[in-house]
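S.K.: If you scroll down you'll find the structure; I have some questions about it.
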Amino acid sequence: MSHEAALHGHSEVISHDAHHDEHHVHHHKETFISKYVFSMDHKTIAKQFLISGMIWALIGGLMSVLFRLQLGYPDQSFPFLEDILGRWAKGGRISAENYYALVTMHGTVLVFFVLTGGLSGTFANFLIPLQIGARDMASPFLNMLSYWFFFGASIVMISSLFVQTGPFSGGWTAYPPLSALGEASPGSKVGMDLWITAMALFVVSSLLGGLNYISTVLNMRTKGMSMTRLPLTIWALFFTAVLGVLSFPVLLSGFILLLFDRHAGTSFYLSDIFISGVGPMDHEGGSAILFQHLFWFLGHPEVYIILLPAMGMASEILSVNSRKPIFGYMAMVGSLFAIAILAFLVWAHHMFVTGLNPFLGSVFVLLTLLIAVPSAIKVFNWLTTLWRANIRFTPGMLFALGFVSLFISGGLTGIFLGNSTLDITLHDTYFVIAHFHIVMGVSAFFGMFAGIYHWYPKMYGRYLNNTMAYIHFWVTLAGAYLIFWPMHYEGLAGMPRRYMDYSNWESFKQFAELNKFISTVAMIVFAVQILFVFNFFYSIWKGRKVTTQNPWESNTLEWTTPIRPGHGNWPGEIPEVHRWAYDYSKDGRDFIPQNEPIGPDETTPH
Amino acid sequence: MTDSVGSQRKKIHPHKFTLWVALASIIMMFAGLTSAYIVKGSMPGWINISLPKLFYYSTGAILLSSVTIQLAEKAFKERNRPRYRSLMTVTVVLAIAFIVFQLYGFKELYNSGIKMEGSGAGQFLYIIFGLHILHVLGGIVALIVMFLKSYSGKIRSYNPVPVEVMTTYWHFVDFLWIYLFVFFLLKM
C-alpha cells in the first residue's frame, strides 16, 4: 500500500485505493530539487535544520571569540579584526557599538537559531516519525514550510549584519527603549527592523514545526505504541513543542506592539525619554516593563524549549549505553510535565530588579525554586540509571554524561539566582552569565552533540570518526568548565556584565589575567568545534560505513528501518510495538526491541 | 498497515487536530495582547474610549456568517453542490461586510480624535482588532480557494475534512471576535 494513506490519515484512503498493491517506497519521481532542496521527507528536513544550525553555531561562536578577544586583551589591537569587521574595528580594536552588536547577535543566534531551530528542528523532525513508527509528519508540507521560514529568517538576520548602521545592538532580549527608538543607537535603526522581521519569520517557523510535532506524536503512532511506551526523547520533544506553540505567540504580540512603537507613533513601551544629542521624545505614558512581561513570558519557556530536547536525548542515550532500563520512566515523564507547567509560571524571576512588588516577587521565588524538584528527580534518575551499569563509552554517551554533569553544576547556581534577595546583588553580574551558559547553553549543546553522535549512523549510514570525537568531547568539557567556572567568582565579586573594558576599573582590574585565561580557553574550544564540523562533513562521505541495522543494539523503532531508509522509512509494513522502549538486560537478554512480541514467560515490566 | 490505518479511523483526523493546536496558539497571541491591555490599563495615564456602534453591526455579520458556513458544510455532506456554492458565497460576502464594518468603525474612532499616538484603549483596539481582521482575511482567502475548488471538473472530492477544517476555523474567528468585543465592552 502506498505510504500516502498513512501520511494523510483515513479520509484519503478511499481515493488511494488504486495504489494498494504497490509496495515500494520510492514511487515518486525524485529530482535533486524535490529530494534535497524542497524536500518533504522529515529526515531531509532534519538534516537541513542541522546543517543550517551548524552554520549559525559557527557564526555565533565566532562572534563570541571576537568579543572575548576584546575582553581578554583590552589593551591590544588586532589588525586582522579590521580586515574582518572593517570600520567596526578601526585600527584593530572593536568599537563600543560593535561590541554590543556582537554580544546581541551572539545571544540571538545561539538562543533562537541554533538551540531552538537547530536543536528541536533537527531532532523533532528526525526522531518523531522514526521513533513512533510513522512514515512522515502529520503534514509534510507544513514541515517543509517550517524549514523554509527558518531559512528566510536566517537570511534576513544575516543581512542585518551587513547594513550600514549595523545589526541590532540592544541585547538579545530587545528591551525598549533601545529596541523601540531608532534614535537611541545606530543598531536600533534598520538593523532592528531586520531583527524583528527575522524573529517574526522565526516564530512562524517554530509554530508550523510545533503544530506538526504535536499532532504527529498524538495521532500518528504505530499500532501498539501507546503514550506510555514512547521513548523519553519523544516525550521531551512533545513538551518542547507544546511550550513553543503556547509561548511564541505571546512574544509575537510583544513584537507587534514594538513595531507600532517604532513606526506608527504609539507609545506602549515608551515614556518621558530624553536622548542626548537628539532631545526629548514625544512618546508618553508607556511602560518598558510591559515589554519585559511579554518577552519573558516566552523567554522563560524558551529556556526549557532549549533544554528539554537535550534532557530527552540524554535519557535515551544514557539508557542505551548503560544497557539498563531508564530508572523511573513515569517519574521522568511526570517531571517533564511539571517542568513544562512551571515554565509558564516563573517568568518574573528575570525581573526581580525592575521594581517588582516584593510580595509578587516572593511568589515567583517559590514557583522558581519548585522547579528544583522535577530537575532533581531527573538528575536522580539519570544517576540511578548509571548506577552499576555496563557503561559503553561511545562519544554519544560521553556527551550525555557531560550533559548531566553540566546540568547539575549549572542548575545549582539557579537556586542562588531564583532567590530574589540574592538576585538583587547577583543580577547583571558575570554570575548570571556563568549560570545560564552552563545550564542551558553548554548543556543543551552537549545534549545536541550526544544526539548527533548517537543518531549520525541513522542519518548518513556512516559513523563519525571516534578519535576526533573523543578530542572534541574532552576539550569541550574541560573548556566549558574552565571558561564559565571562573565567571562565578567574578560575578560574586560584583563584576558587572555588558562592559567591554574593565582595565580602568579599580575593583575589577584584578581579573585581567583571569579574563585573558577565559578568552584563551574560549578560542581553543572554538577551534575544537571546527574540528567537529570537519568530522561531520568528512564522515558524510568518508566515514566508516554502518553495516548492521542496529549498531548500538538499541530497542527503539528507528533501528528497525533499513540502514539508509527512503522516504516512508519502512519499505514494508510499519512494525507493531509490543513493549516499552527500555527492556535492556532483562531475563538474561541484553536488549529486546520494541517490536518483539512479549514472550510467554517474560517478567514484567514491558 | 491496513490495520494501523484502521485503528486511526477512530481518532481525530491529523489535519483537524493540527488546526486545534494552531487555534490554541492564536488564542495565546490574543491572550498576550489582552493581558497587556489589562496591565497597561491599570497604570496611571490610561485613556479610555467608547466603542462605535458599527462594531455591533459587524458582530451581527460575523455571527450570521457562522450560521451560513455551518449550513454550507451540511449541504456539502448532503452532496448538494449548488446549495454549497451559494452558501459559501453568502459566507464570503458576510465576511467582507464584517471587515468593511470594522474599517468604518476604525474610521469613526479615528475621526473622533483617537490617533495612533499614545497607548490607551484606542491604540490597543486598532492593533487587536486589526490582527483579528488579518485572521478573518486569511479565512476569506481559504474560503475563496475552496469555493473555486468546487468548480474544478477533474476531481470531484467528497472528502469532508477540508470543509470541516474550514468551518472550525471560521467558528473560531467568530468566537475570537465575540471574546474581543465583550472584552472591550467590559473594559469601557
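The values are calculated or read from the model by the stated rules, or taken from the named source; none is laboratory data. This is a predicted model, so every value here is computed, not measured. Positions of Cβ are generated from backbone atoms using ideal geometry, with glycine treated the same way; all protein chains shown enter the neighbour counts. Ligands, DNA and RNA are excluded from the accessible area calculation, which covers all protein heavy atoms including side chains. Shrake-Rupley method; radii C 1.70, N 1.55, O 1.52, S 1.80 Å.
S.K.: Looking at (1) within 14 Å of chain B (Cβ to nearest Cβ); (2) surrounded by fewer than 21 Cβ atoms within 10 Å (Cβ to Cβ); (3) not hydrophobic (A, V, I, L, M, F, W, C), find the lone condition where residue A:569 falls short.
M.R.: (2)
S.K.: While we're on this one: So which of B:184, B:147 ends up being farther than 21 Å from residue B:39 by Cα, part of a helix (DSSP H, G or I), away from every other protein chain (no Cβ under 14 Å) and not polar (S, T, N, Q)? Outline the logic, then answer.
M.R.: On the way: B:184 fails: farther than 21 Å from residue B:39 by Cα.
Among B:184, B:147, only B:147 is farther than 21 Å from residue B:39 by Cα, part of a helix (DSSP H, G or I), away from every other protein chain (no Cβ under 14 Å) and not polar (S, T, N, Q).
S.K.: Ok, one more. So residue B:134 passes all but one of these: (1) within 13 Å of chain A (Cβ to nearest Cβ); (2) of a type in the set (A, V, I, L, M); (3) crowded, with 17+ Cβ neighbours inside 10 Å. Which condition number does it fail?
M.R.: The number of the failed condition is (3).
S.K.: Now, a different point. Within region A:242-272, restricting attention to residues that are among the aromatic types (Phe, Trp, Tyr) and part of a helix (DSSP H, G or I), which residue is farthest from the other protein chains (Cβ to nearest Cβ)?
M.R.: Of all residues in region A:242-272, those among the aromatic types (Phe, Trp, Tyr) come to A:248, A:255, A:260, A:268-269.
Checking which are part of a helix (DSSP H, G or I) leaves us with A:248, A:255, A:260.
On the way: A:248: 8, A:255: 10, A:260: 6 Å.
Of everything passing the filter in region A:242-272, A:255 is farthest from the other protein chains (Cβ to nearest Cβ).
S.K.: Would you be able to tell me the number of residues in region A:187-212 that are touching a Ser or Thr at 6+ places or on another chain (Cβ under 7 Å), more than 12 Å from every other protein chain (Cβ to nearest Cβ) and of a type in the set (Ser, Thr, Tyr)?
M.R.: Going through region A:187-212 one residue at a time, the tally reaches 2.
S.K.: In region A:572-606, how many are open to solvent by less than 30 Å² (accessible area, probe 1.4 Å), in contact with a strand residue (DSSP E or B) (Cβ under 9 Å, 6 or more places away or on another chain) and either assigned to a loop (DSSP other than H, G, I, E, B) or within 14 Å of chain B (Cβ to nearest Cβ) (or both)?
M.R.: Residues in region A:572-606 being open to solvent by less than 30 Å² (accessible area, probe 1.4 Å), in contact with a strand residue (DSSP E or B) (Cβ under 9 Å, 6 or more places away or on another chain) and either assigned to a loop (DSSP other than H, G, I, E, B) or within 14 Å of chain B (Cβ to nearest Cβ) (or both): 2 in total.
S.K.: Name the one entry in A:145, A:161, A:127 that is open to solvent by 20 Å² or more (accessible area, probe 1.4 Å), farther than 30 Å from residue A:89 by Cα and outside any loop (DSSP other than H, G, I, E, B). Show your work before the answer.
M.R.: On the way: A:161 fails: farther than 30 Å from residue A:89 by Cα; A:127 fails: open to solvent by 20 Å² or more (accessible area, probe 1.4 Å).
Sole residue among the options that is open to solvent by 20 Å² or more (accessible area, probe 1.4 Å), farther than 30 Å from residue A:89 by Cα and outside any loop (DSSP other than H, G, I, E, B): A:145.
S.K.: With the requirement that a residue be within 20 Å of residue A:349 (Cα to Cα), surrounded by 22 or more Cβ atoms within 10 Å (Cβ to Cβ) and of a type in the set (Val, Ile, Thr), what does region A:249-301 give you?
M.R.: A:250
S.K.: Go through (1) within 31 Å of the chain's Cα centre (by Cα); (2) of a type in the set (Gly, Ala, Ser); (3) open to solvent by less than 40 Å² (accessible area, probe 1.4 Å); (4) at negative phi and name the single condition residue A:527 misses.
M.R.: Status for residue A:527: all satisfied but (3).
S.K.: For region B:110-130, check the following and say yes or no: at least one residue is among the hydrophobic types (A, V, I, L, M, F, W, C), open to solvent by 10 Å² or more (accessible area, probe 1.4 Å) and farther than 28 Å from residue B:157 by Cβ.
M.R.: Step one: of region B:110-130, the residues among the hydrophobic types (A, V, I, L, M, F, W, C) are B:114, B:116, B:121, B:124-125, B:127-129.
Now narrow it down to the ones that are open to solvent by 10 Å² or more (accessible area, probe 1.4 Å): B:114, B:116.
Then keep just the ones that are farther than 28 Å from residue B:157 by Cβ; that gives B:114, B:116.
Yes, that holds for at least one residue.
S.K.: Can I ask one more? With (1) assigned to a helix (DSSP H, G or I); (2) surrounded by 20 or more Cβ atoms within 10 Å (Cβ to Cβ); (3) not basic (Lys, Arg) as the list, and residue A:327 as the residue in question, which single condition is left unmet?
M.R.: (1)
S.K.: Kindly check whether there is at least one residue in region B:154-161 that is part of a helix (DSSP H, G or I), surrounded by 20 or more Cβ atoms within 10 Å (Cβ to Cβ) and either in contact (Cβ under 8 Å) with a residue 12 or more places away in the chain or away from chain A (no Cβ under 14 Å) (or both).
M.R.: No: region B:154-161 contains no residue that is part of a helix (DSSP H, G or I), surrounded by 20 or more Cβ atoms within 10 Å (Cβ to Cβ) and either in contact (Cβ under 8 Å) with a residue 12 or more places away in the chain or away from chain A (no Cβ under 14 Å) (or both).
S.K.: Okay, next question. Looking at region A:216-235, can you tell me whether even one residue there is surrounded by 24 or more Cβ atoms within 10 Å (Cβ to Cβ), more than 7 Å from chain B (Cβ to nearest Cβ) and among the basic types (Lys, Arg)?
M.R.: So far as region A:216-235 goes, yes, one or more of its residues are surrounded by 24 or more Cβ atoms within 10 Å (Cβ to Cβ), more than 7 Å from chain B (Cβ to nearest Cβ) and among the basic types (Lys, Arg).
S.K.: Specify which of the listed residues (A:209, A:191, A:187) is open to solvent by less than 30 Å² (accessible area, probe 1.4 Å) and closer than 12 Å to residue A:137 by Cβ.
M.R.: On the way: A:191 fails: closer than 12 Å to residue A:137 by Cβ; A:187 fails: closer than 12 Å to residue A:137 by Cβ.
Testing whether each residue is open to solvent by less than 30 Å² (accessible area, probe 1.4 Å) and closer than 12 Å to residue A:137 by Cβ leaves just A:209.
S.K.: Name the pairs: first residue in region A:426-453 and in contact (Cβ under 8 Å) with a residue 12 or more places away in the chain and of a type in the set (A, V, I, L, M), second residue surrounded by fewer than 22 Cβ atoms within 10 Å (Cβ to Cβ) and not in a helix (DSSP H, G or I), Cβ to Cβ under 8 Å, at least 6 apart or on different chains?
M.R.: Matching pairs, first to second residue: A:432/A:497; A:433/A:497.
S.K.: If you go through region B:48-90, how many residues are assigned to a helix (DSSP H, G or I), open to solvent by 60 Å² or more (accessible area, probe 1.4 Å) and within 14 Å of another protein chain (Cβ to nearest Cβ)?
M.R.: The number of residues fulfilling the criteria is 1.
S.K.: Right, here's the next one. Please determine, by comparing only the residues of region A:419-474 that are in contact with a helix residue (DSSP H, G or I) (Cβ under 8 Å, 6 or more places away or on another chain), of a type in the set (S, T, N, Q) and surrounded by fewer than 23 Cβ atoms within 10 Å (Cβ to Cβ), which one is nearest to residue A:109 (Cα to Cα).
M.R.: Only one residue tops the list, namely A:429.
S.K.: Criterion first (out of contact with any Cys (no Cβ under 8 Å at 6 or more places or on another chain), under 21 Å from residue B:186 (Cα atoms), part of a helix (DSSP H, G or I) and away from chain A (no Cβ under 14 Å)) does residue B:105 satisfy it? Can you show your working first?
M.R.: Numbers: out of contact with any Cys (no Cβ under 8 Å at 6 or more places or on another chain): yes; under 21 Å from residue B:186 (Cα atoms): yes; part of a helix (DSSP H, G or I): yes; away from chain A (no Cβ under 14 Å): yes.
Considered against the rule, which asks whether it is out of contact with any Cys (no Cβ under 8 Å at 6 or more places or on another chain), under 21 Å from residue B:186 (Cα atoms), part of a helix (DSSP H, G or I) and away from chain A (no Cβ under 14 Å), residue B:105 comes out as yes.
S.K.: Check off (1) under 30 Å from residue A:547 (Cβ atoms); (2) in contact (Cβ under 8 Å) with a residue 12 or more places away in the chain for residue A:467 and give me the number that stays unchecked.
M.R.: Here residue A:467 meets the rest and fails (2).
S.K.: Among the candidates A:262, A:229, which residue alone is within 21 Å of residue A:172 (Cα to Cα) and among the basic types (Lys, Arg)?
M.R.: A:262
S.K.: Considering each residue of region A:284-303, count those that are more than 8 Å from every other protein chain (Cβ to nearest Cβ) and not hydrophobic (A, V, I, L, M, F, W, C), and give that number. Outline the logic, then answer.
M.R.: So the first thing to find is which residues in region A:284-303 are more than 8 Å from every other protein chain (Cβ to nearest Cβ), and the list is A:288-289, A:291-292, A:295-296, A:298-303.
Subset that is not hydrophobic (A, V, I, L, M, F, W, C): A:292, A:299-302.
So the count comes out to 5.
S.K.: Now for a separate question. So which residues in region A:327-370 are free of Cβ contacts under 8 Å to residues at least 24 places away in the same chain and within 30 Å of residue A:581 (Cα to Cα), if there are any at all?
M.R.: The one that is free of Cβ contacts under 8 Å to residues at least 24 places away in the same chain and within 30 Å of residue A:581 (Cα to Cα): A:341.
S.K.: Based on what the data block shows, is residue A:356 open to solvent by less than 10 Å² (accessible area, probe 1.4 Å) and of a type outside the set (S, T, N, Q)?
M.R.: Values: open to solvent by less than 10 Å² (accessible area, probe 1.4 Å): no; of a type outside the set (S, T, N, Q): yes.
No.
Residues are listed down the side, and each one gets a yes or a no for (1) over 26 Å from residue A:443 (Cβ atoms); (2) hydroxyl-bearing (Ser, Thr, Tyr); (3) open to solvent by less than 10 Å² (accessible area, probe 1.4 Å); (4) within 14 Å of another protein chain (Cβ to nearest Cβ):
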position	(1), (2), (3), (4)
A:104	no, yes, yes, no
A:138	yes, no, yes, yes
A:172	no, no, no, no
A:183	yes, no, no, no
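S.K.: Can you tell me which residues in region A:110-133 are of a type in the set (Val, Ile, Thr) and closer than 24 Å to residue A:156 by Cα? Break it down into steps so the answer makes sense when it comes.
M.R.: Narrowing region A:110-133 to residues of a type in the set (Val, Ile, Thr): A:111, A:114, A:116, A:122, A:128, A:132.
Selection gives A:111, A:114, A:116, A:122.
S.K.: Mind listing just one residue for me: the one in region B:36-47 that is at the interface with chain A (Cβ under 8 Å from one of its Cβ atoms) and assigned to a helix (DSSP H, G or I) and, of those, farthest from residue A:297 (Cα to Cα)?
M.R.: Step by step, filter region B:36-47, then rank; the result is B:40.
S.K.: Examine region A:399-418 for a residue that is surrounded by 23 or more Cβ atoms within 10 Å (Cβ to Cβ) and small (Gly, Ala, Ser), and state whether such a residue exists.
M.R.: The answer is yes, given that some residue of region A:399-418 is surrounded by 23 or more Cβ atoms within 10 Å (Cβ to Cβ) and small (Gly, Ala, Ser).
S.K.: Additional query: Could you identify the single residue in A:337, A:327, A:359 that is farther than 27 Å from residue A:405 by Cβ and of a type outside the set (A, V, I, L, M)?
M.R.: Just one listed residue meets the conditions, A:359.
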